[in-house]
Amino acid sequence: MKKKLLSCVALTLVLSLLCGCSGIDLSWFTDKFRTEEQIEEEKRAAEAGEDGSKGPQTTAIVTEVYSEVESFGLAIQREYGLDPYNCESLNNRVFLSFIYEPLFAITKECRPVGILAAAWSVSEDGLTTTVSLRPNVRFHNGQALMAQDVVDSLAAARGSFYYGNRFRNIKSVDIVGDYTVSFTTTHSCELLPLLLDFPIIPSGSDPGNYPPGTGPYAYRGNKLIRNADWWQSGPALVEYPEISITDAETTADIRDNFEYQNVNLVLTDPNSAAFAGFHNDYELWNETTTIMQYVGYNLESKVFSNYGLRSAITYAIDREKIVQHRMGGFAEAAVLPCSPQASFYDSHLASTYAYDLPSCLQQLENASVSDMDHDGILDLYVPSLGYNVPVSGTMIVCSSNYQRVQAATDIVASLNLLGCNLELKTMEYSEYRTALQLGNFDLYYGEVRLSNNYDLTPFFTYGNSLCVGGLSDSTMQSLCSMMLTNTGNSYNLYKRLCERGYITPVLFKSTAAYTTRGVVSEPTEFIDWFLPAYLAE
């Protein structure tokens, strides 16, 4: 299950946290907000925990799930568009999830689940993935779903804003039959379906002109109408004959409409500069993403060309503190470059390179980094120069996000406490990108949305926007290819990345899904898609 945060009124939640942290008994007050049945249920849950069974996993007050909502609404921001391949607005993508469906949806554990795909197989050499479509699926216009629709949808998704270059290794797509498609890749790929979560629209449709989908609701006259011909036998995410649409210009507009229950499901980035706080009664869900924040290096810097120094930094970053103090808990600390939720995240390997100051100091000693001239600043002997240089330099960070700047500030402060002499420089986005491309930095604090298979190849491929500071490396490219061939083969890649400090992962961001209390049991089990959770079973 995803981590679920249940929020009552704000004061009640604060008091409940005080009870758990200070030992003060405030039950006389918090009981005012609970029914007798709820109090009895909590007592039974507590007793279950005492006798060794699995007790409650939340610290907030858990209230009974109920539904008195007679209608359901969503918000969209039209200025960001409704093109399913190019729209990057979080709330617009919630709206799109009710209309369109992908071949596969991806669980937080990085497992593909067939949606429009009924089955799939991989050739012995790993170069061809064949996907069979579900029969009897129709678009909202009555047109049957066929292989040509998949081919044309992939062509529309290639190079789009949202799906980017994740399909760069797909060499060709061939129609094997009316309901069968084969994908040929340039490299052996065990789990290509991890990338095939793009929405399917009818062949020949204009993605920017509201094409029909196959989902549980159809877009009609600025509202969503329940699709009576939906192929699935189970319930939709919500069960309403119509879903109203509220046009909003700002996140504050969305918040206000949510609080008046014109809107009942909102997806937000709590660490965005545009975030607007919510104050009413709601349920709050922590949604996994593939957005990684990390420290990058200029390998052509006279100081940070030393991989022993770079690798020491992984031990110096208190990731959990950054997650709690800077990200408000809406992130997961990550030592390795994939979400800790993913099945191939090696917790044992991660613990080897986790925050640990004694290990950091030992690694600095191993790299011959010390305060050689006793001026309070660490020094490094550079063989190519023939003399010692201070461990100093500049970390750059994009100024567009306050929390990201604060995370970078914490990291610089931690390194300076160890004896480095680093300066943090904030830059507007265009200046920041230019500095990266020109190599005008020593370190940088970056953020990137990785593809669902956590492919790191772009970091090590010359000419890619992520390959900056001389990061191109053929050995790392080979290790990335080996991981694509066998998704369980990540150990050597991650170990070398940590040992040599090519990049230093810090965290993976989460988004916040707010729902009117009781309208859904759980918004989603999938990354990027709001689909019924039962599909993951």
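Below are the figures for this structure:
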read-out: Matching residues in the range 347-366 - criterion: being in a loop (DSSP other than H, G, I, E, B) and either in contact with a Lys or Arg (Cβ under 9 Å, 6 or more places away or on another chain) or more than 27 Å from VAL448 (Cβ to Cβ) (or both); value: TYR353, ALA354, TYR355
read-out: Residues being aliphatic (A, V, I, L, M), surrounded by fewer than 16 Cβ atoms within 10 Å (Cβ to Cβ) and not in a loop (DSSP other than H, G, I, E, B) - total across the range 373-388; value: 1
read-out: Output for the range 309-328, where each listed residue is part of a loop (DSSP other than H, G, I, E, B) and over 11 Å from PHE508 (Cα atoms); value: ILE317, ASP318, ARG326, GLY328
read-out: Per-region count, the range 111-132, residues open to solvent by 10 Å² or more (accessible area, probe 1.4 Å) and either farther than 19 Å from PRO199 by Cβ or of a type outside the set (Phe, Trp, Tyr) (or both); value: 15
read-out: Pick from the range 485-537, criterion touching a Leu at 6+ places or on another chain (Cβ under 8 Å) and of a type in the set (Val, Ile, Thr), ranking: farthest from ASP269 (Cα to Cα); value: THR487
read-out: Single residue of the range 482-510 satisfying the filter (open to solvent by 30 Å² or more (accessible area, probe 1.4 Å) and either in contact with a His (Cβ under 8 Å, 6 or more places away or on another chain) or over 29 Å from ASP410 (Cβ atoms) (or both)) that is modelled with the lowest pLDDT; value: GLY488
read-out: Candidates SER465, SER521, SER478, filtered to the one that is open to solvent by 50 Å² or more (accessible area, probe 1.4 Å) and either outside any loop (DSSP other than H, G, I, E, B) or at positive phi (or both); value: SER478
read-out: Residues satisfying the stated conditions in the range 110-126, i.e. assigned to a loop (DSSP other than H, G, I, E, B) and of a type in the set (A, V, I, L, M); value: ILE115, LEU116
read-out: Qualifying positions in the range 148-185 - buried (at least 21 other Cβ atoms within 10 Å of the Cβ) and among the small types (Gly, Ala, Ser); value: SER153, ALA156, ALA157
read-out: Of the criteria (1) part of a loop (DSSP other than H, G, I, E, B); (2) surrounded by fewer than 19 Cβ atoms within 10 Å (Cβ to Cβ); (3) modelled with pLDDT of 95 or more, which one ALA236 fails; value: (3)
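Matching residues to (1) closer than 20 Å to PHE139 by Cα; (2) more than 22 Å from the chain's Cα centre (by Cα); (3) in contact (Cβ under 8 Å) with a residue 12 or more places away in the chain:
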residue: GLU88; (1), (2), (3): no, no, yes
residue: PHE95; (1), (2), (3): yes, no, yes
residue: PHE98; (1), (2), (3): yes, no, yes
residue: PRO102; (1), (2), (3): yes, no, yes
residue: ILE106; (1), (2), (3): no, no, yes
residue: GLU109; (1), (2), (3): no, no, yes
residue: ILE115; (1), (2), (3): yes, no, yes
residue: TRP120; (1), (2), (3): no, yes, yes
residue: GLY126; (1), (2), (3): no, yes, yes
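The values are calculated or read from the model by the stated rules, or taken from the named source; none is laboratory data. Please read these numbers as outputs of a predicted model, since none were measured by experiment. Here Cβ is always computed from backbone atoms with ideal geometry, including for glycine, and neighbour counts include all displayed protein chains. SASA here: full protein model, heavy atoms, side chains in, ligands and nucleic acids out. Shrake-Rupley method; radii C 1.70, N 1.55, O 1.52, S 1.80 Å.
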